[in-house]
Amino acid sequence: MSESQMKIDSARANALISQLQEVQQRISTVAKGRPVRLVAVSKLKPANDIQALHQPPLSHTHFGENYAQELTQKAALLPSSIQWHFIGGLQTTHCKTLAKIPNLFVVSSIDSIKKASRLNKSRGEFLHEASSTSSSSSSSSSATINGENKIINVHIQVNTSGEESKSGCSPGTEVVDLARHILTECPHLRLLGFMTIGAIARSVATTPETENEDFIALKDQRDLVVKELGDELLGGRELELSMGMSEDFEGAIALGSSEVRVGSTIFGTRPANRADAKIVE
């Protein structure tokens with residue numbers, strides 16, 4: 001099934017468009033002209049919903065998924081002009097699968113040298129395979145891998161709340177060492193910045209006027225990496241912060257977030273069970 005054959009319910013599309021535009025307006029109000037990337041988190045929602053927002057009039061580009069298999073399936077169905085974000089917990093077994101998605105914009109959950117190395121190696125192998133088949137017009141990978149798409153952006157995930165249930169590096173030396181490894185040993189990855197999923201209680205209590213401790217902690221980790229690695233490795237490049245979700249994105253933007261990840265506020269309630277979700281309606 002191609003995107004042109006995908007059924008788009010007009011009433012559903014209009015509701016999604018309205019909800020995304022409302023989020024965009026809320027972002028704009030707090031950002032005050034500063035660019036902030038909106039990632040529409042589409043996990044457990046059908047590809048039809050994504051297509052409805054990606055096509056005109058909105059032509060929204062950035063979508064986030066939590067499950068590697070679901071992302072792979074949707075990427076195969078939807079236009080290559082979508083910029084995919086993998087935002088779920090990363091396992092080393094996911095790396096080879098994710099590395100084969102040509103239009104994967106970022107993996108936001110790198111939290112170990114082992115995972116960074118595996119993703120870098122897998123992307124390199126995929127690029128080599130794509131290059132070796134570039135003379136074949138039937139090769140979709142060779143047709144879509146070019147320019148910036150060759151390198152996968154990554155965020156280092158930091159466990160700013162210290163909760164055992166949360167993924168992420170421990171703040172401090174672990175974050176600096178991982179950043180150094182990506183910058184010096186992973187030519188197929190680009191360190192875009194840092195990501196956190198903070199404590200739920202702090203998230204619920206966050207407003208544009210109240211400061212979330214997790215967001216302050218992530219800023220501190222970014223500043224630490226810049227101080228420790230400096231221009232020698234960063235070359236003056238600014239590292240972004242990915243923090244803020246449906247409950248707290250306005251507070252995150254007020255504290256300098258470069259990217260927010262918003263799901264239910266745009267797409268509505270998700271299926272209670274993952275098994276009930278449909279890739280296509």
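The numbers here are math on the coordinates, done by the rules we state, and not lab data. Remember, it's a predicted structure, so these values are computed and weren't measured experimentally. Here the Cβ is made from the backbone with ideal geometry for all residues, glycine too, and neighbour counts use every protein chain on show.
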Checklist entry - So which of Lys43/Lys115; Lys45/Lys166; Lys7/Lys166; Lys114/Lys278 end up more than 30 Å apart by C-alpha? => result Lys7/Lys166; Lys114/Lys278
Item to check | Candidate lysines for bridging to Lys32, where Cα separation is under 22 Å - those fewer than 8 sequence places away on the same chain excluded | outcome: Lys219
Checklist entry - For the chain, which semi-axes, largest first and in whole Å, follow from the square roots of 5 times the eigenvalues of its Cα gyration tensor? => result 28, 26, 16
Item to check | Of Thr97, Thr29, Thr160, the one that fluctuates the most in a GNM where the chain has Cα springs shorter than 10 Å | outcome: Thr29
Item to check | trypsin sites (Lys or Arg not before Pro) lying in DSSP loop within the range 9-106, provided at most 11 other Cβ fall within 10 Å | outcome: Lys32
Checklist outcome for this item: Listed by chain and number, the residues whose amide H is under 5 Å from that of Val41, excluding neighbours fewer than 5 places away on the same chain and using placed H, are Gly64, Val262, Gly263
Checklist entry - Comparing Asp231, Asp214, Asp223, which has the greatest mean-square fluctuation in the GNM of the chain with Cα pairs linked when under 10 Å apart? => result Asp231
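Over the range 58-111, what is the relative contact order in whole percent, taking alpha-carbon pairs under 8 Å and six or more residues apart?
Working: 68 pairs, mean separation 20.8, N = 54.
So the answer I get is 38 percent.
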Checklist entry - If each residue's Cβ is checked for other Cβ atoms within 10 Å, how do His94, His155 rank with the fewest at the top? => result His94, His155
Checklist entry - Taking the convex hull of the alpha carbon atoms in the range 131-281, what volume per residue do you get, in Å³? => result 174
Checklist entry - Mean residue ellipticity at 222 nm from the helices of the chain, using -39,500 (n - 2.57) per DSSP H segment of n ≥ 4 over the full residue count, to the nearest 500 deg cm²/dmol? => result -13500 deg cm²/dmol
Checklist outcome for this item: For Ser167 and Lys7, extending 7 Å from Cα along the Cα-Cβ vector and measuring point to point gives, in nm, a value of 3.4
Checklist entry - Just for the Cα atoms in the range 213-280, what are the lengths along the principal axes, largest first, rounded to whole Å? => result 49, 25, 15
Checklist entry - Want the number for Ser246 to Glu125: 0.36 nm per residue separation, take away the alpha-carbon distance, what's left? => result 39.9 nm
Checklist outcome for this item: When the charge dipole of the chain is computed with +1 at the Cβ of Lys and Arg and -1 at the Cβ of Asp and Glu, the Cα pointing farthest to the positive end, of Gly33, Val106, Ala130, is that of Ala130
Checklist entry - Which whole-number percent gives the relative contact order of the chain, counting Cα pairs below 8 Å spaced six or more residues apart? => result 21
Checklist entry - When N is the residue count of the range 29-137, what does its C-alpha Rg come to as a fraction of 2.2 N^0.38 Å? => result 1.17
Checklist outcome for this item: Along the dipole axis of the chain (charges at Cβ: +1 for Lys and Arg, -1 for Asp and Glu; origin at the Cα centre), the most positive-end residue among Val23, Gln157, Gln51 is Gln51
Checklist entry - In the Gaussian network model of the chain, springs joining C-alpha atoms below 10 Å, which of Leu58, Leu127, Leu90 carries the largest mean-square fluctuation? => result Leu58
Checklist outcome for this item: Projected convex hull area of the range 154-212, Cα atoms, direction-averaged, in nm², equals 4.8
